[in-house]
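One structure below.
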Amino acid sequence: MSKEKITLCEDLADIMPPEYHELVATATYGKEDRGWKDIGNSKELIEQHSLCAGCPESIAFRYILASLPNPEDTVFVGSTGCTSLVFPHVAVQNIHSLFGNQNAIASGLKRTLKCRFPDVEKDVVVLAGDGATVDIGLDMTMQSWFRQEKFTTICFDNELYANTGGQESGLMQKGFVAKMAPAGKTFDKVRLPEIAREAGCHYVALLTVSKPNRVERAIRNAVYIARELGPTYVQLYTPCILEIGKQSMEGLDEMKDAESIGGRFVMKEYMTDEAKKMIEDREAEEKAKRKAAKGKKPVSA
Amino acid sequence: MSQYQVKPGPEAFLPPSAASMGIVLPDPGECHIEGRIAPEEEGYEYAARKLLGAKVPTLFPGPLVLWKWNEKAAKKAAAIRALSEAIPARLIPMADYRPKYPKIDPEAEINPNHPNLTIWHNKIDVCIFIGVHCHQANLALKIIRGGTDCFTMAMCAQAGHEDACLSFRDIGVESIMKLMDAVNKLKKEGVKSQAVPFKQISMNRKGRVD
Amino acid sequence: MNKQVDSPKDKIIRSQHVKLGTKNKKDQTFTDVNTMFYDTEMTPNFLTGSEVIRAAIKIASVGTSVAYPITPQSEAAALIGELYSEGYLDEYFRGESEFAVMGQCAGASFAGHRVFTTTAGPGTLRAMENFPMWAGSRLPIQVCVTMRGINSPLSIQPDTLEAHFLLESGMLMWHAETAQDLFDFILKGFIVAEQPDVHLPIATMCDGFFVTHTKDTVLLPPDDICLTPYDPYKSPVPCMDMECPPVRMMRDPFIMKSNYISYMTHASWQQEIRAAMERSRKHTIPLLDGLIDTHDLDREILIVSSGTAVSQGREAIRLLEEEGIKVGLVKIKTIRPFPHEEVKEATKNAKHIFVPEFNMAGWLAREIKAIVPDNHRVVAGPHVAGGMTMPSEVIVEEIKKYLGMKVSSISNRGS
């Protein structure tokens, strides 16, 4: 939908609560250079959420929503978990259907949107937890990559089942003691980024959400590459502070520790050569545009 | 067994859907009044009388008419505004369908998951849903019938709503104008609005604006 | 009921967003459903059930179909692939399992396409979690279920037990007796399922092999006409394409807080799905010429059944007639919504009601027993399963035995 269509009917606008006026007036739909820096001086696309205080997932959500290149033409697919407590309040249409089938839903969704709107770039972004992506939904996650479905898969990796109360998941570290792993997890954290690369993803990124500029770049790369070339995968460490015994204010430190040298989440990025060229071309183009804009003097002050 | 009637409640802890009680929707050109199929024209007059006779007549515009996603929506919004002024009636929006409870001012907004709160808080005795997606409207209409004594109406652009006490189908801008004409005609005939004086609610981030 | 809905002359409301008489990319003319079903000259064709599914989909203006191999629907699913390669569908691919396929169908439907798929037996059960989700999300997807055995030990043979598992899924369920039924049900199924007041998924069911793999004469309209397409903006819920309000929209938000408001909303939501199913009667009755077919209801003995068991019942009636035993017939076309009133009325004078079925559970007999007065009149049987045929003589035998007449068991034949 063009930005112009996300607007209120004048004759009834006065009765609408302020959050909707703000959405129309200052949300960054249609803003070409939108990004994480808009947070704080524009209306965010997430209105409220019921996640725990200090949950890194909530900040991840905000960065991602701020970074999407085209929220006015994006549809999200979620899955059961903590993320689905946020999605009702996100001003981008989104689907929750079942637990684990998110990449199947996204496959049908993306293909139909492509058929119905051949001239509009409709982005589909999957955003699900690690249980949904790697355990119960792994088949559908990987099959969508094999089929080269043109959408982005984002996994919020909190290394356990958080919404159900802290059970072992495939992305949990070996040895961690959790519900359903009473003697400690007996096998290694599943290496999904490597699997994603082998399964045909054109762009793979593994990082924490401690640095918003990194998140922004990963999300934009993933969405652009998915549009043109094929599947992309972004795995974000969003620790469940509740289940690993941290305080509300300790999420950021936990992520910083995890991404420091030798940690589980040292940032990794992989691109196919084709994807790399595409991103380089795009960046060169954007640079040229910025330069040209700088050169143009405003007509009046 | 006698024919089920779609009357204002409070009907039951969990009232049945009217369709399950054998209420069939009207065909084009018809409306239904408490489950009875009637010509559309009869419905306009009946609805107009209900609105004028109410203490707190209220229009609940939904997303399809609140958001200007096409020109038709804007025209419908203008017609709804005009109708609300003709009666006069409160306008309370159903801006979207996400569960908002408890973070909602139920007097200023209505939500399909707990529409009864808005009816109770405002003591609404007659209302019209318009521009609400059918599924969400049906949920709200049935919940209202379950727990309140509000007479519900629905102006539906599709096939109508048997869970409302009165519903029109296939409505467009002209249908809203027809209802307004019926209101004005009754007023000319001397029927006076029984509405208690009110001001439309308007809000900012701090709350209501007086 | 506040309104009579039994007139077969009622006009069916079609989608209005394409102009009648204009053509699609395959040069097929968009045609009013009323014209297609009531005013078009039909020509006989000798086809298998799978080929009939292909013929129906060719003129159904389907957007997406997703396929997965499982006997006995594999051939039909592959034939739809041929239609796709010829340009009759916008999208078609093979999914990785029935669970995934039904998710992919849901995705396509959320995005606004008319969607068709096929499944069978264990595949239906693997997909099962999706069906109540489809219904709850008001997705008018059509799944053709070519029924076969589901339980261990494995069998690919016809058995209608799987229908039992679908009864409370929230889907409309129509049970075809013949290939002709299957053709009609597929096309008419889209029309009913997509009505804005219904907007539910539909399972068009047939008995595997008996219908899918046998050839039969089927009357077909010309294939240069087609149904008008699905209009996603007539949906009772927002289409997920970011083209309609509200943009702040989750399909569908969780309703699971521990409070009365949440319980009430969920209960009302479930009621609304059932209400939508009730509303489908009004559209189905004129299109299918009633939810049941009847013959000779004045007789004391009736056979009441659905699917190919009805065909066997017809032959049994002929055999019994030769012996002077007069039997009437009720064919049930829609399992959901179940034709309560029609069956009650049709069986009101019967002394004995026999319900032959191709499954061990006898689910149809249970449905009938639950609604007719004096339900001791209902004889649940005969039953066959696991791929067994149901010779008409078995039905004859059951009825005669029940009447206290002498029978020679057909299992003794050949000795």
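The values are calculated or read from the model by the stated rules, or taken from the named source; none is laboratory data. Every value quoted in this text rests on a predicted model; they were computed, and no experiment measured them. Every residue, glycine among them, receives a Cβ derived from its backbone with ideal geometry; neighbour counts consider all protein chains shown.
Tell me, which residue of the range C:253-266 that is more than 7 Å from every other protein chain (Cβ to nearest Cβ) and assigned to a loop (DSSP other than H, G, I, E, B) is modelled with the highest pLDDT? Give the steps one after another, and end with the answer.
Here is the first cut: in the range C:253-266, the ones more than 7 Å from every other protein chain (Cβ to nearest Cβ) are C:256-260, C:262-263, C:266.
From what's left, assigned to a loop (DSSP other than H, G, I, E, B): C:256-259.
Details: C:Met256: 76, C:Lys257: 78, C:Ser258: 78, C:Asn259: 82.
Across the range C:253-266, the extreme among qualifying residues is C:Asn259.
For the range A:42-80: of the residues being touching a helix residue (DSSP H, G or I) at 6+ places or on another chain (Cβ under 6 Å) and small (Gly, Ala, Ser), which is nearest to the other protein chains (Cβ to nearest Cβ)?
Only one residue fits best here, namely A:Gly78.
What's the number of the condition A:Gln167 fails, among (1) facing chain C (nearest Cβ under 9 Å); (2) surrounded by fewer than 24 Cβ atoms within 10 Å (Cβ to Cβ); (3) at pLDDT 95 or above?
Among (1) facing chain C (nearest Cβ under 9 Å); (2) surrounded by fewer than 24 Cβ atoms within 10 Å (Cβ to Cβ); (3) at pLDDT 95 or above, A:Gln167 violates only (1).
Suppose we keep only residues that are part of a loop (DSSP other than H, G, I, E, B) and within 7 Å of another protein chain (Cβ to nearest Cβ) within the range A:90-121. Which one would you say is nearest to A:Gly170 (Cα to Cα)?
Of all residues in the range A:90-121, those part of a loop (DSSP other than H, G, I, E, B) come to A:91-93, A:96-101, A:117-121.
Subsequent filtering for residues that are within 7 Å of another protein chain (Cβ to nearest Cβ) retains A:91-93, A:96-98, A:101.
Values: A:Ala91: 31, A:Val92: 30, A:Gln93: 29, A:His96: 22, A:Ser97: 22, A:Leu98: 19, A:Asn101: 17 Å.
Residue satisfying both the conditions and the ranking: A:Asn101.
Output the residue which, of all residues in the range B:66-89 that are touching a residue at least 40 places away in the same chain (Cβ under 8 Å) and farther than 21 Å from B:Asn184 by Cβ, is surrounded by the fewest Cβ atoms within 10 Å (Cβ to Cβ).
That would be B:Lys72.
Among the candidates C:Glu41, C:Glu82, which residue alone is charged (D, E, K, R), within 30 Å of B:Pro28 (Cα to Cα) and either in the same structural domain as C:Tyr230 (by TED's automatic domain parsing) or under 20 Å from the mean Cα position of the chain (by Cα) (or both)?
Values: C:Glu82 fails: within 30 Å of B:Pro28 (Cα to Cα).
The unique qualifying residue is C:Glu41.
Among the helices (runs of 4 or more DSSP H) contained in the range C:1-93, which hold 1 or more residues that are away from chain B (no Cβ under 14 Å) and over 21 Å from C:Ser280 (Cα atoms)? It would help to see each step written out before you state the result.
Values: elements: C:33-38, C:49-58, C:74-86.
Here the list reads C:49-58, C:74-86.
So, in the range A:162-212, exactly how many residues are part of a helix (DSSP H, G or I), more than 18 Å from the chain's Cα centre (by Cα) and either within 20 Å of A:Glu254 (Cβ to Cβ) or free of Cβ contacts under 8 Å to residues at least 24 places away in the same chain (or both)?
2
Would you point out the residue of the range A:2-30, among those that are in a loop (DSSP other than H, G, I, E, B) and out of contact with any strand residue (DSSP E or B) (no Cβ under 8 Å at 6 or more places or on another chain), that is farthest from A:Tyr237 (Cα to Cα)?
Our first condition is that a residue be in a loop (DSSP other than H, G, I, E, B); within the range A:2-30, this holds for A:2, A:6-7, A:9, A:16-17, A:28-30.
Those still in the list that are out of contact with any strand residue (DSSP E or B) (no Cβ under 8 Å at 6 or more places or on another chain) too: A:2, A:29-30.
Values: A:Ser2: 33, A:Tyr29: 27, A:Gly30: 29 Å.
Filtering the range A:2-30 for residues that are in a loop (DSSP other than H, G, I, E, B) and out of contact with any strand residue (DSSP E or B) (no Cβ under 8 Å at 6 or more places or on another chain), the one farthest from A:Tyr237 (Cα to Cα) comes out as A:Ser2.
How many residues are closer than 30 Å to B:Asp96 by Cβ and aliphatic (A, V, I, L, M) if we restrict to the range C:247-304?
Going through the range C:247-304 one residue at a time, the tally reaches 12.
Got a sec? Which of C:Lys333, C:Lys326 is outside the structural domain of C:Leu161 (by TED's automatic domain parsing) and farther than 30 Å from C:Ser169 by Cα? So that I can check it myself, show each step before the final result.
Details: C:Lys333 fails: farther than 30 Å from C:Ser169 by Cα.
After ruling out the rest, the residue left standing is C:Lys326.
Considering A:Phe146, A:Phe87, which residue is surrounded by 24 or more Cβ atoms within 10 Å (Cβ to Cβ) and within 11 Å of chain C (Cβ to nearest Cβ)? First the steps, then the outcome.
Details: A:Phe146 fails: surrounded by 24 or more Cβ atoms within 10 Å (Cβ to Cβ).
Of the residues listed, the single one that is surrounded by 24 or more Cβ atoms within 10 Å (Cβ to Cβ) and within 11 Å of chain C (Cβ to nearest Cβ) is A:Phe87.
Residues are listed down the side, and each one gets a yes or a no for (1) loosely packed, with under 11 Cβ neighbours inside 10 Å; (2) touching a strand residue (DSSP E or B) at 6+ places or on another chain (Cβ under 9 Å); (3) of a type outside the set (Gly, Ala, Ser):
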| site | (1), (2), (3) |
| --- | --- |
| A:Ser248 | no, no, no |
| A:Met255 | no, yes, yes |
| A:Gly262 | yes, no, no |
| A:Arg282 | no, no, yes |
| A:Lys287 | yes, no, yes |
| A:Ala292 | yes, no, no |
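When C:Asp241 is evaluated against the numbered criteria (1) facing another protein chain (nearest Cβ under 7 Å); (2) in a helix (DSSP H, G or I); (3) closer than 20 Å to A:Ser79 by Cα, which criterion, by number, is the only one it fails?
With respect to (1) facing another protein chain (nearest Cβ under 7 Å); (2) in a helix (DSSP H, G or I); (3) closer than 20 Å to A:Ser79 by Cα, C:Asp241 is out only on (2).
Going by the conditions given, is C:Arg279 in contact (Cβ under 8 Å) with a residue 40 or more places away in the chain, touching a strand residue (DSSP E or B) at 6+ places or on another chain (Cβ under 6 Å), within 14 Å of chain B (Cβ to nearest Cβ) and buried (at least 19 other Cβ atoms within 10 Å of the Cβ)? Walk me through it before giving the result.
On the way: in contact (Cβ under 8 Å) with a residue 40 or more places away in the chain: yes; touching a strand residue (DSSP E or B) at 6+ places or on another chain (Cβ under 6 Å): no; within 14 Å of chain B (Cβ to nearest Cβ): yes; buried (at least 19 other Cβ atoms within 10 Å of the Cβ): yes.
In short, no.
When you scan the range A:170-195, how many residues do you find that are among the β-branched types (Val, Ile, Thr) and surrounded by 16 or more Cβ atoms within 10 Å (Cβ to Cβ)? Before you say what the answer is, go through the steps one by one.
So in the range A:170-195, the residues among the β-branched types (Val, Ile, Thr) come out as A:177, A:186, A:190, A:195.
Still in the running and surrounded by 16 or more Cβ atoms within 10 Å (Cβ to Cβ): A:190, A:195.
Adding up the residues that qualify gives 2.
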